[in-house]
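Please read the structure below before turning to the comments.
Since every read-out is calculated from the coordinates, none of them should be taken as a lab result. Quick caveat: nothing in here was measured; it's all calculated off a predicted structure. We place every Cβ from the backbone using ideal geometry, glycine too, and count neighbours over all the protein chains shown.
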Amino acid sequence: MLSSCAYQVLTADKFLEKNEMAKAKKRIDKALGKKPEDPATQFMLAKYYSHPVWSFDAVDSAHFYIQMVSDTFPKLGGETIEKLANKGLDSINIANQVLIIDSLAFEKASSIHTEESYNQYLNNYQFLTFKEKAIEIRNQIAYEDAIAQNTTQAVSEFFKKYPDAPQAQKARNVFETLYYEKKTQNKALINYQEYLQERPQTE
């Protein structure tokens with residue numbers, strides 16, 4: 001059974017709606033001090049850290065707590081779930097909060113706008129509303145970075161990491177050109193012979 005304090009923590013939502021963050025945190029901290037594992041407390045922490053006042057700066061914390069809620073809430077008894085629903089916590093509210101947090105996570109990745117930031121979104125978040133968009137942007141950034149380095153290693157790493165990317169074939173073509181130029185830079189006959197032996201099917 002959940003403690004009465006855990007039910008009370010859900011009333012912190014009224015403070016969040018008014019942007020009274022200190023009051024909301026005080027109510028949440030009170031519940032944390034008694035039973036931090038209660039899904040009601042975890043849910044309010046997820047809402048607190050995904051509040052617009054933080055922008056997307058605290059989204060990783062919000063994600064941590066919403067995952068905990070998603071794990072613990074379905075295991076509660078029917079009577080407890082009914083009481084929580086009357087206080088504003090049910091599976092629909094949890095799903096809506098997941099969507100909010102996912103959107104913030106993508107916004108954070110977009111603000112950093114690097115291959116790594118989009119990979120962190122794709123690897124660390126589960127709902128992935130923006131999965132296709134994140135992959136598209138990630139692939140383009142990674143391809144441009146590889147081309148900018150203009151080395152066989154950088155280009156080959158790209159199409160090995162992302163073989164299904166639309167840019168993968170272009171990267172392979174660039175690799176062949178770079179490899180040919182590198183292999184035959186001395187203009188010696190033996191270099192051309194070795195190249196042909198190594199890569200007989202290339203253009």
(request) Sort the chain into rounded, prolate or oblate with this rule: let a ≥ b ≥ c be the square roots of the eigenvalues of the Cα gyration tensor; rounded if a/c is under 1.5, and if a/c is not under 1.5, prolate when a/b is larger than b/c, oblate otherwise. (result) prolate
(message) I'd like the Karplus ³J(HN,Hα) series for the stretch 83-99: coefficients 6.51, -1.76, 1.60, θ = phi - 60°, whole numbers in Hz, and an x wherever there's a Gly or Pro.
(response) 5, 5, 4, 5, 8, x, 10, 9, 5, 5, 5, 5, 4, 5, 5, 4, 5
(request) Provide the packing ranking of 64-72, 89-97, i.e. peptides ordered by the mean count of other C-beta atoms within 10 Å per residue, highest first. (result) 64-72, 89-97
(message) Can you give the log10 of the normalised intensity I(q)/I(0) at q = 0.12, 0.15, 0.19, 0.20 Å⁻¹, computed with Debye over equal Cα scatterers of the stretch 118-203?
(response) -0.46, -0.63, -0.84, -0.90
(message) Over the stretch 4-69, what portion of Cα pair distances is larger than 20 Å, expressed as a whole percent?
(response) 17 percent
(message) Please give the charge dipole size of the stretch 59-203, origin at the Cα centre, charges +1 on K and R Cβ atoms and -1 on D and E Cβ atoms. Round to the nearest 20 debye.
(response) 220 debye
(message) With every atom except the alpha carbons ignored, what do you get for Rg and Dmax of the stretch 51-160, in angstroms?
(response) 18.5, 63
(message) When a/c reaches 1.5 or more, the comparison of a/b and b/c decides; with that in mind, is the stretch 1-119 rounded, prolate or oblate per its Cα gyration tensor?
(response) prolate
(message) As a quick test, which of the pairs Lys14/Lys87; Lys23/Lys87; Lys108/Lys160; Lys75/Lys108 have an alpha carbon distance above 23 angstrom in this structure?
(response) Lys108/Lys160; Lys75/Lys108
